[in-house]
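In what follows, a structure is listed as structure tokens, so that the remarks can point back to it.
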Amino acid sequence: MGVSSSRLTPLCSAYPMALMHPTPIDIAAIKARMRDTWMAGDFGVIARFAEKLVEEFVERLPLKAGVSVLDVACGTGNGVIPAARTGATVTGVDIAPNLVEQARTRAAQEGLTIDLREGDAEQLAFPDGSFDVVMSTFGAMFAPRPDKTAGELLRVCKPGGLIAMANWTPTGFVGQTFKLNARHVPPPPDIPAPVLWGEEEVARQRLGGGAKKITCTRRIGDTKFPFPPIEVVQLFRNYFGPTQVAFSKLDTAGQAALATDLENLWKQHNRATDGTTSVPFEYLEVHAIRD
């Protein structure tokens with residue numbers, strides 16, 4: 001599923017390891033719910049706080065004029081915008097049409113030509129070997145079937161091309177918030193945890209069948225908010241679809257408990273001492289060279 005790239009997701013519900021079930025899961029229904037969830041709120045407000053982190057990721061890619069790039073789960077454009085600035089030919093897909101529209105608006109404001117369209121990370125509408133670079137920042141990791149997602153990332157990449165991903169780690173701050181949310185709002189039991197993409201062994205296993213070289217690097221991105229942790233939590237409640245959905249599933253007491261736990265977690269990890277919030281977000285940067 002092409003849910004949003006560059007997604008700052010510390011308040012999103014997590015999904016545990018896939019369990020064995022006698023009947024197949026309803027993928028269409030799961031994707032519909034995920035699409036509706038990411039369309040809720042106004043993700044563009046949240047995405048602004050991750051712009052620098054994603055720009056740094058893109059700067060490490062071999063992009064220049066003549067290079068074709070696909071951003072899978074491009075969200076509101078945090079990845080496609082800096083990629084297009086290099087002169088590369090850039091395409092972005094996302095499952096949420098409102099996020100695609102925001103990305104189009106941003107591209108137009110900068111005078112950048114970017115092919116932006118709705119798309120599913122598990123079923124990319126491009127021929128084999130279409131792109132020199134296939135990237136995804138905090139987006140494709142949320143697709144419900146990682147084996148299919150990995151297969152599609154590899155399929156549309158040219159032989160010798162690069163697949164690059166930025167994935168939240170289970171042990172970092174985002175991973176800890178996933179665990180916290182899961183205690184309050186039990187996630188669906190049928191979907192592998194998105195943060196498994198942030199485990200080096202898992203990323204290597206998923207992409208290894210079609211890549212001849214894989215390098216994984218743990219990185220830290222400092223995300224800053226110009227207000228205290230309690231207001232950060234409220235920001236996500238106001239604008240971040242997954243957070244809105246999580247709180248909507250709880251009664252008044254449950255919402256208060258979740259808010260308190262989230263505020264405490266942000267306070268514990270906050271490095272700022274001036275009334276603002278600065279929390280380090282750990283992620284795994286994966287570079288895989290296509291066979």
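Residues in the range 55-89 that are within 18 Å of M165 (Cβ to Cβ), out of contact with any helix residue (DSSP H, G or I) (no Cβ under 7 Å at 6 or more places or on another chain) and among the β-branched types (V, I, T): V67 only.
Condition check ((1) in contact with a Gly (Cβ under 7 Å, 6 or more places away or on another chain); (2) surrounded by 24 or more Cβ atoms within 10 Å (Cβ to Cβ); (3) at pLDDT 95 or above) across all residues:
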{"position": "G129", "(1), (2), (3)": "no, no, yes"}
{"position": "S136", "(1), (2), (3)": "no, yes, yes"}
{"position": "K148", "(1), (2), (3)": "no, no, yes"}
{"position": "G151", "(1), (2), (3)": "no, no, yes"}
{"position": "L154", "(1), (2), (3)": "yes, no, yes"}
{"position": "L162", "(1), (2), (3)": "no, no, yes"}
{"position": "W168", "(1), (2), (3)": "yes, yes, yes"}
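Restricted to the range 218-235, and to residues there that are within 17 Å of the chain's Cα centre (by Cα) and at pLDDT 95 or above, the residue that is least open to solvent (accessible area, probe 1.4 Å) is R219. Of P229, P170, P189, which residue is under 22 Å from K52 (Cβ atoms) and either without any contact (Cβ under 8 Å) to a residue 24 or more places away in the chain or touching a Leu at 6+ places or on another chain (Cβ under 9 Å) (or both)? Exactly one residue qualifies, and that residue is P229. For the range 33-62, filtered to residues that are among the aliphatic types (A, V, I, L, M) and under 16 Å from T223 (Cα atoms), the residue that is farthest from the chain's Cα centre (by Cα) is V45. Scanning the range 62-73 for residues that are open to solvent by 10 Å² or more (accessible area, probe 1.4 Å), in contact with a strand residue (DSSP E or B) (Cβ under 6 Å, 6 or more places away or on another chain) and in a loop (DSSP other than H, G, I, E, B) yields one hit, V67. Of all the listed residues (T215, T243), the sole one being open to solvent by less than 40 Å² (accessible area, probe 1.4 Å) and closer than 21 Å to Y283 by Cα is T243.
The condition (being of a type in the set (S, T, Y), over 26 Å from D291 (Cα atoms) and open to solvent by 20 Å² or more (accessible area, probe 1.4 Å)) is satisfied by just one residue among T76, T105, T89: T105.
The values are calculated or read from the model by the stated rules, or taken from the named source; none is laboratory data. Predicted model, so just to flag it, every value in this text is computed and none were measured. Glycine also receives a Cβ, built like all others from the backbone with ideal geometry; neighbour counts cover every protein chain displayed. These area figures cover heavy atoms from the full protein model, side chains too; ligands, DNA and RNA do not enter into them. Shrake-Rupley method; radii C 1.70, N 1.55, O 1.52, S 1.80 Å.
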